[in-house]
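Novice: Got a structure for you, written out below as structure tokens; questions coming shortly.
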Amino acid sequence: MKHVMLVEDEVELAQLVRDYLEAAGFEVSMFHDGQEAYDSFLQCKPSLMVLDLMVPRMDGLTITRKVREQSDLPIIMVTARTEEIDRVLGLNMGADDYVCKPFSPKELVARVQAVLRRLDRKAEPEENNLFRMDKGQQRIWYQNKSLNLTPTEFRLLELFLEHVGQVYSRAQLLDHINPDSFEVADRVIDSHIKNLRRKISDAAETGNRHEWVQAVYGVGYRFEYPED
């Protein structure tokens with residue numbers, strides 16, 4: 001049974017989320033104090049942590065930083081602070097996903113399940129053979145069809161394929177494709193993503209129209225394999 005560590009100082013919300021997680025088959029340990037949660041993490045490693053940003057004694061970003069110094073434990077960060085800079089900061093610190101309050105407990109359970117599925121897929125890479133890449137030729141094939149990519153599109157898809165599930169801000173993607181750019185609107189990434197989606201869709205077999213590059217509201221984009 002997967003063990004979820006739930007760190008949330010709003011007691012009623014924490015109890016509600018715990019009930020939903022347990023109903024979905026997870027073992028849940030619940031903490032309302034950041035220091036206590038971190039101390040428990042050191043003693044008993046969970047499968048995943050659901051972490052509120054603003055918990056007492058040790059805040060969520062500090063916990064994430066300290067956890068990341070010694071573990072790749074998946075972390076879903078929860079907060080009422082909706083500014084994009086807070087989201088990007090949390091993801092750069094090592095959070096795997098981000099949920100803003102108010103949220104549906106069902107949605108949070110789905111996010112937990114999705115993050116754990118991504119980890120399972122990383123452990124079994126043979127399942128992810130739809131894409132094939134040749135870096136020397138700067139070519140990528142989807143379902144054995146060569147994608148006619150521009151150099152920029154190749155660099156984007158290369159990054160996504162090597163970091164499936166990782167969320168990137170537009171600024172991060174822009175810096176990846178052109179680190180020496182100056183005064184270039186990061187929204188130009190949207191145009192590249194649109195073209196990349198179209199080219200993958202055009203190469204897809206009938207009935208296989210999964211949206212590989214998914215928008216993460218207020219943050220940026222991530223590459224996601226279809227759910228089972």
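Novice: Local charge sum around His176 (other residues, Cβ-Cβ under 10 Å, Lys/Arg +1, Asp/Glu -1)?
Specialist: Taking every Cβ under 10 Å from that of His176, the sum is -1.
Novice: So what's the angle, to the nearest 10 degrees on a 0 to 90 scale, between helix 105-123 and the longest Cα principal axis of the chain?
Specialist: That helix lies at roughly 60 degrees to the long axis.
Novice: So which residue, out of Thr152, Thr79, Thr64, gets the largest mean-square fluctuation from a GNM of the chain using Cα contacts under 10 Å as springs?
Specialist: Thr152
Novice: Helix-only estimate, please: 222 nm mean residue ellipticity of the chain, summing -39500 (n - 2.57) across DSSP H runs of length 4 or more and dividing by its residues, to the nearest 500.
Specialist: Using -39500 (n - 2.57) per qualifying helix, the result is -13000 deg cm²/dmol.
Novice: Compute for the chain: radius of gyration divided by Kirkwood radius, i.e. Rg/Rh, restricted to C-alpha atoms, rounded to two decimals.
Specialist: Computed over Cα atoms, the ratio is 1.00.
Novice: Right, next: If you line up the long axis of helix 34-43 against the longest principal axis of the chain, both from Cα atoms, how many degrees apart are they, to the nearest 10?
Specialist: Here the helix axis deviates by roughly 80 degrees.
Novice: Quick one: which residues, 5 or more positions from Met77 or on another chain, have an amide H under 5 Å from its amide H? H modelled 1.01 Å from N in the peptide plane, none for Pro or chain starts.
Specialist: For Met77, the qualifying residues are Leu51, Asp96, Asp97, Tyr98, Val99.
Novice: Mind telling me which of Leu116, Leu196, Leu130 comes out most flexible in a GNM of the chain, alpha-carbon contacts under 10 Å?
Specialist: Greatest mean-square fluctuation among the candidates belongs to Leu130.
Novice: Could I ask something else about it? For the chain, what is the accessible area per residue in Å² when the probe is 1.4 Å?
Specialist: About 52 Å² of surface per residue is accessible.
Novice: Can I ask one more? For the Cα atoms of the chain, what angle does the longest principal axis make with the long axis of helix 11-23, in degrees from 0 to 90, nearest 10?
Specialist: So the helix axis and the longest Cα principal axis differ by about 60 degrees.
Novice: In segment 1-103, with Lys and Arg counted as +1 and Asp and Glu as -1 at Cβ, which of these residues, Gln70, Tyr38, Val4, has the Cα nearest the positive end of the dipole, that is, farthest along it?
Specialist: With unit charges placed on the Cβ atoms, the residue in question is Gln70.
Novice: While we're here: Cross-link list Lys2/Lys66; Lys2/Lys106; Lys2/Lys45; Lys145/Lys199: which exceed 19 angstrom alpha carbon to alpha carbon?
Specialist: Lys2/Lys66
Novice: Give the relative contact order (percent, whole number) for the chain; include only Cα pairs under 8 Å separated by 6+ residues.
Specialist: 14 percent
Novice: If amide H atoms are built 1.01 Å from N in the plane of the peptide, which residues on other chains or at least 5 residues away come under 5 Å of the amide H of Val216?
Specialist: Result for Val216 returns Tyr221, Arg222.
Novice: On to the next question. If you roll a 1.4 angstrom probe over the protein chains with everything in place, what fraction of the accessible area of the chain belongs to carbon and sulfur, to the nearest %?
Specialist: Here it works out to 47 percent.
Novice: With the chain treated as a Gaussian network of Cα nodes joined by springs under 10 Å, which of Phe160, Phe26, Phe131 yields the largest mean-square fluctuation?
Specialist: Looking only at Phe160, Phe26, Phe131, the largest GNM fluctuation is found for Phe131.
The values are calculated or read from the model by the stated rules, or taken from the named source; none is laboratory data. Everything numeric here is computed off the predicted structure, so don't read it as measured data. Backbone-built Cβ (ideal geometry, glycine too); neighbour counts: all protein chains shown. With ligands, DNA and RNA removed, areas are computed over all heavy atoms of the protein, side chains included. Shrake-Rupley method; radii C 1.70, N 1.55, O 1.52, S 1.80 Å.
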